[in-house]
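The values are calculated or read from the model by the stated rules, or taken from the named source; none is laboratory data. Since we're looking at a predicted model, the values are computed, not measured. Quick reminder, even Gly has a Cβ in these numbers, built from the backbone with ideal geometry, and neighbours come from all protein chains shown. With ligands, DNA and RNA removed, areas are computed over all heavy atoms of the protein, side chains included. Shrake-Rupley method; radii C 1.70, N 1.55, O 1.52, S 1.80 Å.
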Amino acid sequence: MTKERQHIDLRSDTCTLPTPEMRQRMAEAEVGDDVYGDDPTIAQLEKYTAELLGKEAALFVVSGTMANQIAIILATRPGDEVIVHKYAHPAHHEAGAVGANAGVNLVFVSGEGGCIDIDEMEGFVRPDAHYLAQTSMLMVENTQNMAGGRVVPVDHMQKLYERAKAHELTVHLDGARIFNASVASGTPVQDFAACADTVSFCLSKGLGAPIGSMLCGSKETIRKARRTRTRLGGAWRQAGMLAAAGLYALETNIGGLAADHRRARVLSEAIEEFGVFSIPHPVDTNIIFMDTVQEGVLGGRELEAALKREGILANAVSPRGVRFVTHLGITDEDIEHTINALGRIIASG
Ligand SMILES: Cc1ncc(COP(=O)(O)O)c(C=O)c1O
């Protein structure tokens, strides 16, 4: 059974709990040993996902981190370089996996709103010389988490893809929240996917599944990816129960992301109206970063603790900064309660 909720949990869209309907679907899933190719529900999820993204094939993996790692391992050799935005997830929140697993270096590029600067990116592609590292991959993140869930517009992604291909780079899209990008921008998800050779996205974030990510690409890439997944210890057995949650999430929860975005906008506008906080990044989707800019008003960890006393969980991200993320476990009333709690915290000085 789902435990009764203790807090309004705005730490991350990974904090959703499976609904009774999702659990029912999981309980009823047909399963088999996937190493033997016997799990029909995993096969169904992989087929459904490939069609949804407009790619030839897809692979179910345990996490977004594993999907990114497999994509990098397949497109590089140790010593190569991968160009990423300086905010890219593997640079900050994958425990150094790129160095440990692929033996590659990341090259950081800047760019407004999480959009990689195209000319700067091109400037980092190494010429072909025996004393230089080889640039093998460009990784694009959409939405860009650390830029406040910003959407990278599809025309920018197309330009990046063309420029990267002119240098024979493999392009990987870390689309952990690509459905948020699609819903917020009205761009079909296939159009984003067409701007990359491989695409990963997470079932376990705003879509509400308890676990799992998908890696999509050509049949040949996914055939190889299966072996790499085994090498990383990620081969599944009767995981159709988990795949069933993923299928349910894709069939049921994409439309609901629009409500998450609306709630994030309501919260961010109210935060700005208090006049003591700033919102450093425009709120395109479900992620809000805020900074306390007025002396004497709590920020960072102190604000996180004060919110917790009000029954609200959020993440301190810097000495004055806090992050909120909306998701399908958050209601309009929760947002109202959070706004009122912030008002009380400011008033209590
Ligand atoms: C942009 C991005 N990529 C990848 C990941 C990794 O996903 P996971 O936590 O499933 O490893 C995350 C997780 O927050 C993310 O935000």
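Descriptive notes on the structure:
- Computed packing ranks the peptides 17-24, 154-161 as 154-161, 17-24, most packed first, by mean other Cβ atoms within 10 Å.
- Evaluated with a Cβ-only charge set (Lys, Arg +1; Asp, Glu -1), region 135-212 carries a dipole of roughly 200 debye about its Cα centre, given to the nearest 20.
- Whole-Hz couplings from phi, Karplus 6.51/-1.76/1.60, listed for region 98-108; x for Gly and Pro: 4, x, 5, 9, 10, x, 10, 9, 9, 10, 8
- Sorted peptide list for 96-103, 39-46, 335-342, criterion being average Cβ within 10 angstrom, highest first: 39-46, 335-342, 96-103
- Long-range amide H partners of GLN134 with built H, under 5 Å: GLU81
- In sequence order, calculated HN-Hα J values of region 333-342 (Karplus, 6.51, -1.76, 1.60; Hz; x Gly/Pro): 5, 4, 5, 4, 4, 5, 5, 5, 5, 4
- Directionally averaged shadow of region 1-64, computed from the convex hull of its alpha-carbon atoms, nm²: 6.2
- Only protein atoms count toward the accessible area here, which uses a 1.4 Å probe; on region 256-347, the carbon and sulfur part of that area reaches 49 percent.
- Nonpolar atom fraction for region 18-252, defined as the carbon and sulfur part of the 1.4 Å probe accessible area, stands at 49 percent.
- Histogrammed with a bin width of 5 Å, the alpha carbon distances of region 18-252 distribute as 1, 7, 15, 19, 20, 16, 11, 6, 3, 1, 0, 0 percent, first bin at zero.
- For the pair region 105-172 and region 277-349, the centres of their Cα atoms are 32 angstrom apart.
- Set of lysines with alpha-carbon distance to LYS86 below 18 Å, sequence-local pairs under 8 removed: none
- Karplus-derived HN-Hα couplings along region 214-228 (A = 6.51, B = -1.76, C = 1.60, θ = phi - 60°), whole Hz, x at Gly and Pro: 10, 10, 10, x, 6, 4, 5, 4, 6, 4, 5, 4, 4, 5, 4
- Straight-line cross-link partners of LYS159 among the aspartates and glutamates, defined as a Cα under 20 Å from its Cα and at least 8 positions apart when in the same chain: GLU112, ASP117, ASP119, GLU120, GLU122, GLU141, GLU168, ASP174, ASP191, ASP197.
- Equivalent-ellipsoid semi-axes of region 1-134, from the Cα gyration tensor, Å, largest first: 36, 22, 14
- Stokes-Einstein D (µm²/s) once Rh is taken as the Kirkwood radius of region 225-338 over alpha-carbon pairs, at 25 °C in 0.890 mPa s: 149
- The residues of the chain expose, per residue, 44 Å² of accessible area to a 1.4 Å probe.
- Relative packing of peptides 118-129, 297-308 - highest average C-beta neighbours within 10 Å first: 297-308, 118-129
- Straight-distance candidates among the lysines for linking to LYS308, with alpha-carbon spacing under 19 Å and chain neighbours fewer than 8 residues away dropped: LYS3.
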